[in-house]
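Read-outs throughout are calculated quantities, based only on the coordinates presented, and are distinct from any laboratory measurement. Remember, predicted model here, so these are calculated numbers, not experimental data. Using ideal geometry, Cβ is built from the backbone for each residue, glycine included, and neighbour counts are taken over all protein chains shown.
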Amino acid sequence: MNIFKALIMREILDGKNGYIRVPIILAAVTIVLLLLSSIGFGKAIHFDGMEKEGIESLGDAIAMASEKEGDELPSAVTLGYWAMTVLPWIAFPFVVFFSLLGSLYEERRDRSILFWKSMPTADWQEVSAKLFVPIIVAPLIFLAVVIAAQIVIAFLLSIIVLFQGGPMLEMWPLGLMIQTWFAGLTMYYVHALWALPLFAWVSLVSAYANRMPFLWVVLAPAILIAVEGIFFETHRIGKWISIHMGGWMDGAFGHYDKVNTGHIDGPRDVLAFLLGRPQLDALAFSLGSLHFWVGLMIAGGFIYATIEMRKRAI
């Protein structure tokens, strides 16, 4: 266990640019831009009807919202914090993809694999750590940065609203904020299980390709899809890939379109829906889906092949 922890720390330190610096820089940029726009809210941000309502600052806007729609404001603020910190999450899938793509390829290219093979670690431990960090640890780091950014944003906006004569406490819906943090993380891990065969495929290519691993990752399935379409006139491979990239959500949440049509009215209803049953529905659908279990078995095969490839790498 201590060896695995050391391998995880090594992977984090080796990939600190993507895992740590990228989310911190993007969150800092977001905070600076938000602060500048909030200070000049009345002049830089303008909505129709502001003059009639007497809104000249962010404090005025929050005070007006608290008076007219007090029940909706905490949900609106919580969703607003997520919208303000979306930039790190846009970069997140790219960080995961390129971390997996280079994890086993780079150590062969720079010959550092010879050094690591001299260490008292098994190949399965090395491969497991290189999968574990991007898939499991990276979202925790990104979420920690986002949580810190949301707290900083709440603190800065509270000061601005206070000096502008608005209700400062309205900027701290901590209960809802905490619920969304856990809900978002739970939904991600369910999706990660669905995407595990795709992650494992990227890792296998990283262990196999001698050159241009990105082309191997993309072109190999593209060729299979093209051959299937030309010779068999079917699209099962492409459909399978799309399901594991996110298409499974249509099966898990498709019925919401009919059940909840007309019942979403305002931020409070949106947040109530997101914090309701979606995570449980996603898990229940996954456990009862043949696609899900077959995907896990294929992922296991890819991971086994990755370990065998690394054993033979020199």
Candidate set from segment 163-216 (those that are among the β-branched types (V, I, T) and under 21 Å from the mean Cα position of the chain (by Cα)); member that is surrounded by the most Cβ atoms within 10 Å (Cβ to Cβ): V202
Hits in segment 202-241 (condition: among the aromatic types (F, W, Y) and in contact (Cβ under 8 Å) with a residue 12 or more places away in the chain): Y208, F214, W240
Verdict on W116 being among the aromatic types (F, W, Y), in contact (Cβ under 8 Å) with a residue 40 or more places away in the chain and either part of a helix (DSSP H, G or I) or at negative phi (or both): no
Neighbours by Cβ (under 6 Å, 6+ apart or cross-chain): first from segment 1-28, at positive phi and touching a residue at least 24 places away in the same chain (Cβ under 8 Å); second β-branched (V, I, T) and assigned to a helix (DSSP H, G or I): none
